[in-house]
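Novice: Before anything else, here's the structure in question.
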Amino acid sequence: MTTHSPRIVDLAETPPNRRRGGDLRAMLTPTAVGATSGFMGLAIVPPGERIGEHYHPYSEEFVYVVCGRLEVDLDGEPHPLRPEQGLMIPPYMRHRFRNTGRTEVRMVFHLGPLAPRPELGHVDTEDTAQAGPPEPAGATS
C-alpha cells in the first residue's frame, strides 16, 4: 500500500543545483513525491561545462542522454554518450560527465536504492567550485 498519491512534477518547479557543475534538477525524490526506492531528475549541462567527478556508495546510477554530446569518465576512462543511449553506473565507480559538443546536454538520471541518509549518497572526488575548464580525460594535476 502506498502512502502518497501520484504527483506530476514540472521541471520549472524544481530548484537548480549548480554546486557540482551543470544544472542538476532532482525532480522525483522522497521529499517531493514520497519515493522510497530511489530518485530521478534531469541534468542540464551547457557546452564546455561538466558535472564534477563523484561516486555513489549505496546506489546504482542510470543515465539516459536526451540531447547533446556527452563524455563520461568512468574510473578515469572516457566513454562517449550520444542521444538515445543509456548507461548504468555501479556503486563506488567514480564518474564525471562533460559536455563535449556545441549545444546543451540534457540527461535523465535515476539513482537507487536510496542511501540511509541523503548526505551519504554522494561523495565528491574533485572540488568543482574551484575547478576551471574541464581537463581532457587522463590529464593529471
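Novice: What are the equivalent ellipsoid semi-axes of the stretch 16-90, built from the alpha-carbon gyration tensor (square roots of five times its eigenvalues), in whole angstrom, biggest first?
Specialist: Each semi-axis is the square root of five times an eigenvalue, giving 21, 15, 13 Å.
Novice: Continuing with this model, one more query. So what does R117 come to for accessible area, using a 1.4 Å probe and Å² rounded to 10?
Specialist: 120
Novice: What whole-number value in Å² describes the accessible area per residue of the stretch 6-112 for a 1.4 Å probe?
Specialist: Value returned for the stretch 6-112: 52 Å² of accessible area per residue.
Novice: Mind checking the dipole of the chain: about its Cα centre, +1 per Lys or Arg Cβ, -1 per Asp or Glu Cβ, Debye to the nearest 20?
Specialist: The dipole of the chain has a size of about 300 debye.
Novice: Per residue of the stretch 53-70, what does 6.51 cos²θ - 1.76 cosθ + 1.60 with θ = phi - 60° give for ³J(HN,Hα)? Whole Hz please, x for Gly and Pro, Karplus curve as stated.
Specialist: 5, 6, 8, 10, x, 10, 10, 7, 10, 9, 10, 9, 7, 7, 7, x, 9, 10
Novice: Still on this model: Report, to the nearest whole %, how much of the accessible area of the stretch 20-104 belongs to carbon and sulfur atoms, 1.4 Å probe, protein only.
Specialist: With neighbouring chains kept in place, the figure for the stretch 20-104 is 54 percent.
Novice: Same structure again: Would you grab the residues whose amide H sits under 5 Å from the one on M93? Only those 5+ places off in sequence or on another chain, please, with H modelled 1.01 Å from N.
Specialist: Those lying under 5 Å, H to H, from M93 are H56.
Novice: Turning to a different aspect of this structure: Hey, what did the chain get for relative contact order, percent, Cα under 8 Å, at least 6 apart?
Specialist: Computed value for the chain: 28 percent relative contact order.
Novice: Run lengths n ≥ 4 of DSSP H only: what is the helix-derived mean residue ellipticity at 222 nm for the chain, with -39500 (n - 2.57) per run over all residues, to the nearest 500?
Specialist: -500 deg cm²/dmol
Novice: log₁₀ I(q)/I(0) of the chain at q = 0.13, 0.18 Å⁻¹, via Debye over equal Cα point scatterers, no solvent, to two decimals?
Specialist: -0.55, -1.06
The values are calculated or read from the model by the stated rules, or taken from the named source; none is laboratory data. As the structure is a prediction and not an experimental result, all values here were calculated from the model. Don't worry about glycine lacking a Cβ; one is built from the backbone with ideal geometry, like all the others, and counts go over all protein chains shown. Each accessible area value is taken on the protein alone, full model and side chains, heavy atoms only, with ligands, DNA and RNA left out. Shrake-Rupley method; radii C 1.70, N 1.55, O 1.52, S 1.80 Å.
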